[in-house]
Amino acid sequence: MARGINKVILVGNLGDDPETKYTQSGMAVTIVRLATTSVRKDRDGNTQERTEWHRVKFFGKLGEIAGEYLRKGSQCYVEGSIRYDKFTGQDGQDRYITEIVADEMQMLGGRPGGGEGGGYADRGERPQRSAPPRRESAQRAAPAAAAAPQAGGFNDDFADDDIPF
């Protein structure tokens, strides 16, 4: 039996560009501010929004990836654990900080400013990455592929749109 579970799952948008620093041993540590917004209706039927800000830390290779590809406004999914730390400030007062230490991260949606996911060349900061083939080009190539029998004589004659998920 487990002694306890400390698991956090967040889906939100970055409030600022990531801040990446490196430890003396060369390990990347990236910090982002992630906003999550919940919407509910009050007793009068008015919509109420509440935005929570989370400090998320990425370490190692995940920190390098987050620092390189995430930008202000990016939407991402983060899994990790919550950590509470206490430290003494320069004025001698105790300070408390709550942060999420990320174990997993998934970039969601497209880039801010439109367009599909893929390259970052339009910002002049990142090299162009090749985007996956668009659905239309895959469907144009499908008739030629469907005419030829697959390995083992099996002919796959249905489109991806027929898959129920």
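The values are calculated or read from the model by the stated rules, or taken from the named source; none is laboratory data. All of these numbers come straight from a predicted model, not from anything done at the bench. So basically every Cβ, Gly included, is an ideal-geometry build from the backbone, and we count neighbours across all protein chains shown.
List of remarks:
- Yes/no for VAL32 being touching a Pro at 6+ places or on another chain (Cβ under 8 Å), assigned to a strand (DSSP E or B) and surrounded by 14 or more Cβ atoms within 10 Å (Cβ to Cβ): yes
- Selection status of GLY15, surrounded by fewer than 17 Cβ atoms within 10 Å (Cβ to Cβ) and touching a residue at least 40 places away in the same chain (Cβ under 8 Å): yes
- Selection within the stretch 74-98: residues that are of a type in the set (Gly, Ala, Ser) and without any contact (Cβ under 8 Å) to a residue 40 or more places away in the chain. The member of this set that is nearest to PHE59 (Cα to Cα) is GLY89.
- For the stretch 73-94, the set of residues classified as surrounded by 16 or more Cβ atoms within 10 Å (Cβ to Cβ) and either of a type in the set (Ser, Thr, Tyr) or more than 27 Å from GLY4 (Cα to Cα) (or both) consists of SER74, GLN75, listed by residue number.
- Selection of the stretch 74-97 for residues being hydroxyl-bearing (Ser, Thr, Tyr), outside any loop (DSSP other than H, G, I, E, B) and within 20 Å of the chain's Cα centre (by Cα) yields TYR77, SER81.
- Taken over the stretch 20-33, the criterion of being in contact (Cβ under 8 Å) with a residue 24 or more places away in the chain and closer than 16 Å to MET105 by Cα is satisfied by THR20, ALA28, VAL29, THR30, ILE31, VAL32.
- Of all residues in the stretch 35-72, exactly one satisfies the criterion of being surrounded by fewer than 10 Cβ atoms within 10 Å (Cβ to Cβ) and hydrophobic (A, V, I, L, M, F, W, C), namely VAL39.
- Cβ-Cβ under 7 Å pairs, at least 6 apart or on other chains, the stretch 34-49 side modelled with pLDDT under 95, far side in a loop (DSSP other than H, G, I, E, B) and not aliphatic (A, V, I, L, M): GLN48/ASP42
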